[in-house]
Amino acid sequence: MLRVQNKYAENKVQTRVQRVKRQRTERIGRDDTTIPRAVHISAEVHSWNRFYRGYAIHSGISLFNVLPRFYTSSSSTCFQEALQAVALVSSARQLHQSGLMVRARQHYGKAITALNAALNDPVLTADDSVLVTLFLLSLFEMIIPEFLTSGLKDPVFRCHIHFEGALLLLRWRAERSRDSELDKSFLTFFSHICLMSMFINYEPSFDAKWLALEKFAAPWVKGPLLEPILAQTVDFKRRVHSQVTISHRPSRIEVIQLIKDGTAICENLKATATSVKSSSNPDLPSHQQPTAFNNMFEVSTKTPEAIARCLYDREFDPSLGSMILEQVCGEICTVLGLDGDHNMAEDEIGMAYRAYSIFWPLVVLLFSSLAGEKKRAWVQEKLRFIGETSGLGLATFAAGSLHTFRPA
C-alpha cells in the first residue's frame, strides 16, 4: 500500500516538474518573440528626416543637395545647432507644434552663439560647415515670417539678414585661396536671391542687394555673375526704373526704344525657356547634369525643368500677356503637383525645395499690375498652400501682404 502511495506521489511530482519546465520554456519562447518596447526618437532626429525629405532629396538646387554630407560628428557646433534649428522650425510650421517652435528658437540662439565663437577662430572660420551655417540661418528666417516684421529695420536685407555676413565670409575665404564647389554654389544661390529680389515690385531698394553682390571679387569668379539673357533683363529693369524715377518725363524716342528693347528681351526669354530640357539620364553625377537659370538648377528631372521654364517666362513682367500668364500658371501647377498627373503622396518628397523655387514667380505674379483680381486670388491660394504644406512661412507672409503693398 505504501509503495502504491509513493509511486503515485512520485508521478505527481514528476508531472508537476514537467509542467513547470514546459511553462518555463514557453515563457522563454514568448520573451524571444515579444515585440520590443518602442524606440524613442528625439524630435530633432524626426525633424531632420522631414527636413531632408523636403529640401535635400531629389533637389535640383546644388546647395540643398550638399546638406546631408555635412552633418557628421566632426561638423562645427554652429552648423549642428543651425541644422537642428532649421529642421525643427520647418516641422513646427508643418505640424503646427508650438513646442517644436520653442526648441527651434533655442537651437537658433545656440547656433548664433557658436557661430560668433567660430568666427573669432581662424581655423574654425575656414571650415566649410561655417559657410553652410550662414545659409541655414538665412533659411531659418525665411521659414519664420515673424522675422520680417519684428525688429528688423534694415529695408534692404530685412528677409536675408545674414546676406552681408555671408559675402564677407566668402571674401575672407577667397583671400585665403579657398576655391571649392561649395563657394561657387553659395555665390550662385545668393546671386539668385538678389536677382529675384529685383523683380519683386514692392521692395523699396530693389537694386541694393545686387550692387552689394557686384562688388564681390574672387580669383575663382570667372566672367559675369549672370548669363547673358538674365544680365540683359537686369539692365533693362534698371533703365526702366531710372526713367520712372527721374523728375522729367522721358522723351518719345526713349519710350519707343524701351518698348523695342523690352519686346526683344521678352522674346529671348521665351526662347530660352523653351530650350530648357531635362537630362536624358537622371542618374548621372551632379556635375554632369545640365543646368539652367544661371546654373542655379540641375535639370535632372521634369520638376527642375518646369521650375526653370517658369522662372525664365516670369522674369520679365512688362511684356506679360494673357497667353504667357496662363503658361506660367500651368508650369506652377506642374511644379507643385497640382496638374492631376501626380501622386500627392510621392509629391510630398521635395515639396519644400519646390515651394522655395516657385515662391518668387508667385510673388511677382501677385504684385503684377497686369494680373487681375481673379488671378491674384489664385496666386494667394497657391502661396498659402505651399506655406501650409512646406512650412515656408515667407509664402504665408506674402499671401497676406497683397493689401499691405500696392501692386506696381
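General observations
- Under 5 Å from the amide H of THR291 lie the amide H atoms of VAL299, each residue being 5 or more positions distant or on a separate chain, with H modelled from the backbone and absent for Pro and chain starts.
- In Hz, Karplus ³J(HN,Hα) per residue of the stretch 259-272 (6.51, -1.76, 1.60; θ = phi - 60°; x = Gly, Pro): 4, 4, 5, x, 4, 5, 5, 4, 5, 5, 5, 5, 5, 5
- Modelled spin labels at ASP261 and LYS277, positioned 7 Å past Cα toward Cβ, are 3.4 nm from each other.
- With both labels modelled 7 Å from their Cα along Cα-to-Cβ, the ILE57 to SER180 distance reads 2.6 nm.
- Label point at SER42 placed 7 Å out along Cα→Cβ; residues across the stretch 108-123 whose backbone nitrogen lies under 15 Å: 108, 110-111
- With a simple spin-label model that places each label point 7 Å from the Cα along the Cα-to-Cβ direction, the separation between VAL244 and GLU381 comes to 2.9 nm.
- Separation of alpha-carbon centers, the stretch 350-395 and the stretch 65-106, rounded to whole Å: 24
- Residue-wise HN-Hα couplings along the stretch 170-177, as the Karplus relation 6.51 cos²θ - 1.76 cosθ + 1.60 with θ = phi - 60° gives them from phi, are 4, 5, 4, 5, 5, 5, 10, 6 Hz; Gly and Pro carry x.
Taken together, the values in this text are just the output of simple stated rules run on the coordinates, not laboratory data. This is a predicted model, so every value here is computed, not measured. Here the Cβ is made from the backbone with ideal geometry for all residues, glycine too, and neighbour counts use every protein chain on show.
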